[in-house]
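Please read through the structure below; I'll follow up with questions.
The values are calculated or read from the model by the stated rules, or taken from the named source; none is laboratory data. Please read these numbers as outputs of a predicted model, since none were measured by experiment. Because the Cβ atoms are built from the backbone with ideal geometry, glycine has one as well, and the counts that use them run over all protein chains shown. These area figures cover heavy atoms from the full protein model, side chains too; ligands, DNA and RNA do not enter into them. Shrake-Rupley method; radii C 1.70, N 1.55, O 1.52, S 1.80 Å.
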Amino acid sequence: MNKIGDKIICECGDKSVDEAIALFSETTLPYKKAKKLVTGCNKTCCRRPLMRLFDMVQFGEIDYDEIDFLIEQRKIKEGGDDE
Amino acid sequence: MSDNGMNDFIRWVKSKGLETKIPTDIETLKKLSTLDLTKQKLNNLPESIGALKHLGVLKISGNRFKRLPESICELKNLRNLQCENNLLESLPENFGNLKSLIVLNLNGNHLKELPQSFYELQGLTRLTIAANLLQSVDEKLKNLKKLLYLSLDTNELQELPDVFGDMRALYYLDLSYNKLVALPDSISEIDELETLLLEGNRITNLPSLESHDMLLRLNLNNNELLSLDFDLSKLEDLQILTLDDNALETLPDDICNLKNLKYLSASGNMLKKIPECIGKLENLVELDVEDNLLDTLPDSLQKIKALKTLYIDNNSDLKRPKGLELDFCDVD
């Protein structure tokens, strides 16, 4: 089990990185719809890590370190939930 | 050229175990034109990097740099600097000495401001500083007249000075995810603009965008728009229009004159109807009006033979329209 895979990618939806990967892998929806499967909401929360992860899933190769960096970076932004 | 600086650099390369990435032969290093240190988990660059006088391309994205050495400003031949996803809190004061820079990527750092010399980088054609913490940009940004591509998205900008008047060649402008409530008037003077992304701001009133007759893509998602108060039909080349998550109650009939429109998205608004003339959009491939207040769809929708994807869920009990050969519809 990858430790970064266990990390919550977005407080909205409370899904881990690995759970988000599974959801993105199983859908044919475009990002703007697929993100709701992870966040469970219509907000644009956690945009950078989520969008990057979606792209990685499409490409077929996950860079966990980069996703971890983007998750941590988001927390630095004030509020952190409206990016 | 300083061999001392070069020897210092070689020692640094060896100390970091980077011999497989970087030559350690002094004569080869003197001629080195490209250095790629992407994703090496480095915490700093040595001052001796300034000895690599022939460097034209420097890729240092995906490390842990909080600052760049002052000596980086001595790389007079540097044309392309890729420094995405680091932890930069500031740039060297003399950053503007990098007069040869054409492409600069500073996405995903922690920059709150830019040094004054930054605005002397007048050769820049592609500048991306997305996902930083910029609270303002100086009006001297207007000096960067050669810009073709500018991304300032995901910062903390509450306003922008009138800087676009001389950026005649700019074709891509991304100001998404800031805190803008209005746009500078000079935006209308960008003759060549093809992509304008304004998603995730607090814009209530748009300036007229009618002059942008070359615009291909316009994204106004997640703002506070109540209406579109300019003649949309002037955007005659527009192919992608996204208006999701605003407070629009209607779409103007002008929209039906956008003959080249392929993607129209207005989900998450308060639309009660779609213009009956929508059938005139003969090139429309995708229509997204999910999450609105629609109880009917216009009959003319059936005329759009190109339409393949339709999102209409979360309205007032809309059913999948008959007579269309859709590849996907989110309701039965």
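How many residues are of a type outside the set (Asp, Glu) and open to solvent by less than 30 Å² (accessible area, probe 1.4 Å) if we restrict to the range B:131-158?
Of the residues in that region, 14 qualify.
For the range B:9-28, check the following and say yes or no: at least one residue is touching a strand residue (DSSP E or B) at 6+ places or on another chain (Cβ under 8 Å) and assigned to a strand (DSSP E or B).
no
Being at positive phi, touching a residue at least 12 places away in the same chain (Cβ under 8 Å) and charged (D, E, K, R) is true for just one of B:Lys39, B:Lys76. Which residue is that?
Just a single option satisfies the conditions, and that option is B:Lys39.
A further question follows. Would you please name the residue that is surrounded by the most Cβ atoms within 10 Å (Cβ to Cβ), looking only at residues in the range B:196-213 that are without any contact (Cβ under 8 Å) to a residue 24 or more places away in the chain and away from chain A (no Cβ under 14 Å)?
Among those that are without any contact (Cβ under 8 Å) to a residue 24 or more places away in the chain and away from chain A (no Cβ under 14 Å), it is B:Leu196.
Looking at B:Ser267, B:Ser316, which one is open to solvent by less than 30 Å² (accessible area, probe 1.4 Å), among the hydroxyl-bearing types (Ser, Thr, Tyr) and in contact (Cβ under 8 Å) with a residue 12 or more places away in the chain?
Unique residue meeting the criteria: B:Ser267.
Just the residues that are part of a strand (DSSP E or B) and open to solvent by less than 10 Å² (accessible area, probe 1.4 Å), please, taken from the range B:70-84.
Across the range B:70-84, the qualifying residue is only B:Leu81.
How many residues are within 14 Å of chain B (Cβ to nearest Cβ), open to solvent by 50 Å² or more (accessible area, probe 1.4 Å) and touching a helix residue (DSSP H, G or I) at 6+ places or on another chain (Cβ under 8 Å) when one looks only at the range A:25-41?
1
Still on this structure, I have one more. Kindly provide the set of residues from the range B:229-272 that are part of a helix (DSSP H, G or I) and either charged (D, E, K, R) or more than 19 Å from B:Leu294 (Cα to Cα) (or both), ordered by number.
Listed by number, the residues that qualify are B:Leu232, B:Ser233, B:Lys234, B:Asp253, B:Asp254, B:Asn257.
Matching residues to (1) of a type in the set (Asp, Glu); (2) touching a strand residue (DSSP E or B) at 6+ places or on another chain (Cβ under 8 Å):
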| site | (1), (2) |
| --- | --- |
| B:Asp213 | yes, no |
| B:Leu218 | no, yes |
| B:Asp229 | yes, no |
| B:Lys234 | no, no |
| B:Asp237 | yes, no |
| B:Leu248 | no, no |
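In the range B:205-218, is there at least one residue being part of a loop (DSSP other than H, G, I, E, B), within 18 Å of B:Ser267 (Cβ to Cβ) and not hydroxyl-bearing (Ser, Thr, Tyr)?
no
What is the one condition in (1) free of Cβ contacts under 8 Å to residues at least 12 places away in the same chain; (2) under 27 Å from A:Arg52 (Cβ atoms) that B:Glu89 does not satisfy?
Of (1) free of Cβ contacts under 8 Å to residues at least 12 places away in the same chain; (2) under 27 Å from A:Arg52 (Cβ atoms), only one is false for B:Glu89: (1).
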